[in-house]
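The values are calculated or read from the model by the stated rules, or taken from the named source; none is laboratory data. Only a predicted model underlies this, so the values are computations on that prediction, with no experimental measurement involved. Every residue, glycine among them, receives a Cβ derived from its backbone with ideal geometry; neighbour counts consider all protein chains shown.
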Amino acid sequence: MKIHAIGGYNQVGKNMTAVEVENGIVLIDMGYDMEEVVEKDQEIEELTTKETIQTGAIPDDSKIHDKKDKVKAIVIGHGHLDHVGGVPKLAGSYDCPIIATPFTMSVLRRMVKEDRKSLENELIEMEPGESYQASENIAIEFINVTHSIPGAVLTAVHTNDGTMVYGLDNRLDDDPVLGDIPDYERIRELGEEGVKAFIGDSTRVDEPGRCMSESIVSTELVHTIDQAYQDDKGVFITTFSSHIERLISILKANNERRKVALIGRSLKEYTGSAEEMGMINLDDVEVVSYWDETNELLEKISKEKSEWLVICTGHQGEPGAALTRIAKGEYPIEIEEGDNIIFSSSVIPNPLNRASRYRLDKMIKREGGRVISEVHVSGHAKREDCRDLLLMLKPKNFIPSHGTTEMLASHVTLAREEGYTLNEDLFLLENGNTVDI
Ligand SMILES: [Zn+2]
């Protein structure tokens with residue numbers, strides 16, 4: 001079994017891994033690098049796949065090109081853009097199906113439609129707990145886990161050469177607001193059956209302890225929104241558009257006290273998928289994304305600000321997002337003295353985001369707005385969650401992924417504490433590396 005590290009081993013972003021056995025290859029994830037995409041923005045639409053790879057925005061899969069015919073399936077683990085965003089550019093060169101959970105597939109379909117692209121690959125929806133026979137000797141199994149988006153799974157690739165488990169991304173939440181708890185029973189069973197290799201999520205591995213449950217943030221949001229409603233001022237809240245659990249908690253905390261507006265393209269897309277699947281009810285919510293309709297709604301809200309809760313994009317201070325535009329005064333609404341601006345998010349740790357958020361906070365405060373940050377828990381497993389997964393799966397070989405070299409190294413240290421030895425059964429890979437197990 002060969003594991004090809006294609007993307008996500010030098011950074012948080014553009015995840016892609018290939019697992020190769022004698023009679024086939026399975027590709028897992030085709031993400032893009034958000035930092036690169038934000039910087040290059042519209043240009044990427046115009047570029048060819050090869051040119052896009054050169055910008056660094058999507059994984060460089062050239063290593064697989066001369067083995068294209070061996071590729072039996074493309075698996076997408078969940079619908080975050082650093083896992084699915086590269087599909088429109090990359091999947092077309094492989095003559096094989098794309099397999100994902102229904103929510104992930106819905107996100108992919110909307111993304112392709114929004115970009116006015118088309119996908120030739122057969123799209124196969126598979127629920128957690130189900131398996132797909134990709135070839136005579138390769139079966140792909142989905143196992144339910146919790147993350148910050150619905151429909152996230154662990155993927156097990158069963159081959160004649162053993163089982164590879166791919167664990168990007170997850171946290172272990174025993175009290176989720178939406179969906180089931182992780183399928184611990186099956187995870188432990190896989191460990192008993194024997195796992196040849198496990199690829200683990202390193203994003204938050206250097207943070208001690210365990211990731212808190214989404215239900216804790218849900219309670220915190222009730223307090224935060226109660227406080228914000230004390231004065232009859234404007235209340236704006238921003239969070240990850242794909243975080244459907246969080247949006248449900250926000251609506252619950254509002255408890256029909258104020259009218260709700262959802263503003264921004266990605267919010268509209270992701271909640272559209274969630275509504276399709278009956279996960280969220282937006283019957284009484286105004287959802288807008290285009291310039292004119294946003295202008296119109298915000299003008300109305302500006303006259304009755306204390307009657308509205310505005311949920312909008314822009315938690316990272318992205319230049320084109322709704323909150324940034326509101327703060328800049330590009331819409332007919334102003335941030336005023338005493339308005340509450342709640343960030344139900346944390347800054348994705350890269351210099352660009354830090355700078356953008358710094359600028360946004362400054363603009364809000366200059367107008368007298370109050371910034372309430374970090375009403376949030378991460379979607380990524382912390383150190384003890386990572387250790388639990390390793391102990392449950394007991395893989396013969398472990399490969400950390402989803403992080404900078406520093407993050408992967410921290411995961412290496414944890415695995416060493418559990419008895420693994422670097423370059424024997426523990427591998428620190430970079431994009432472009434291959435390990436033959
Ligand atoms: Zn993710």
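Annotations for the structure displayed:
- The set of residues from the stretch 121-153 being over 20 Å from Glu189 (Cα atoms) and in a loop (DSSP other than H, G, I, E, B) comprises Asn121, Glu122, Met126, Glu136, Asn137, His147, Ser148, Ile149, Pro150, Gly151.
- Sole residue being part of a strand (DSSP E or B) and either under 23 Å from Arg109 (Cα atoms) or at pLDDT below 90 (or both), chosen from Thr52, Thr17: Thr17
- One residue alone among Gly368, Gly432 is surrounded by fewer than 19 Cβ atoms within 10 Å (Cβ to Cβ) and in contact with an Asp or Glu (Cβ under 6 Å, 6 or more places away or on another chain), and that residue is Gly368.
- Qualifying residue in the stretch 81-95 (condition: away from the ligand (no atom under 16 Å from the Cβ) and among the aromatic types (Phe, Trp, Tyr)): yes
- Members of the stretch 60-108 found to be assigned to a helix (DSSP H, G or I), over 18 Å from the mean Cα position of the chain (by Cα) and surrounded by 19 or more Cβ atoms within 10 Å (Cβ to Cβ), listed by number: Ile64, Lys89, Leu90, Ala91
- Single residue of Gly151, Gly162 found to be in contact with a Pro (Cβ under 7 Å, 6 or more places away or on another chain), at pLDDT 95 or above and not assigned by TED's automatic domain parsing to the domain that holds Lys268: Gly151
- Of all residues in the stretch 158-198, those that are part of a loop (DSSP other than H, G, I, E, B), in contact (Cβ under 8 Å) with a residue 40 or more places away in the chain, under 25 Å from Asp425 (Cβ atoms) and within 18 Å of the chain's Cα centre (by Cα) total 4.
- Top-ranked residue of the stretch 238-272 - restricted to ones that are farther than 19 Å from Phe103 by Cβ and out of contact with any strand residue (DSSP E or B) (no Cβ under 7 Å at 6 or more places or on another chain), ranked as surrounded by the most Cβ atoms within 10 Å (Cβ to Cβ): Ala253
- Criterion: out of contact with any Asp or Glu (no Cβ under 7 Å at 6 or more places or on another chain) and farther than 30 Å from Ser202 by Cα - qualifying residue of Asp361, Asp292: Asp292
- Within the stretch 97-119, being of a type outside the set (Val, Ile, Thr) and closer than 22 Å to Ile143 by Cα holds for Pro97, Ala100, Pro102, Phe103, Met105, Ser106, Leu108.
- The residues in the stretch 131-178 that are hydroxyl-bearing (Ser, Thr, Tyr) and more than 16 Å from the ligand (Cβ to nearest atom) can be counted, and the count is 5.
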